[in-house]
Amino acid sequence: MTRTLAIQAGLGIASGTAGLIVLLRPAAARGLLRMEASEPATYALRIAGMMLVALGLFLTGFALAFASAGGVA
């Protein structure tokens with residue numbers, strides 16, 4: 001795996017981890033972002049968390065698939 005693919009996979013892991021934290025613990029994320037406790041804020045944080053998880057899956061998945069296929073970056 002080249003350096004760029006390792007960076008891509010690392011960013012994917014970081015965004016996926018951050019997304020899981022926001023998705024599973026919206027109260028903690030709301031506290032860090034200094035948002036008031038409301039239902040719309042909770043839904044917005046869950047949506048943002050899921051989007052970060054999806055970004056992590058795509059970045060990491062494509063990096064690993066490209067490296068496994070023997071691609072040269």
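Read-outs: derived from the displayed coordinates by stated rules, not from any lab. Just so it is clear, the model here is predicted, and its values are computed rather than measured.
In table form, for the structure just shown:
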item: Inter-part distance where segment 2-26 and segment 51-71 are each reduced to a Cα centre, Å; result: 11 Å
item: Phi to ³J(HN,Hα) by Karplus 6.51 cos²θ - 1.76 cosθ + 1.60 over segment 15-27, Hz, x for Gly, Pro; result: 5, x, 5, 4, x, 5, 5, 5, 6, 8, 10, x, 5
item: Computed [θ] at 222 nm, deg cm²/dmol, the chain (DSSP H ≥ 4; -39,500 (n - 2.57); rounded to nearest 500); result: -28500 deg cm²/dmol
item: Relative contact order (percent, whole number), segment 3-68, Cα cutoff 8 Å, 6+ residue spacing; result: 51 percent
item: Tilt relative to the chain, helix 39-68 - C-alpha long axis, 0 to 90 degrees, to 10; result: 10 degrees
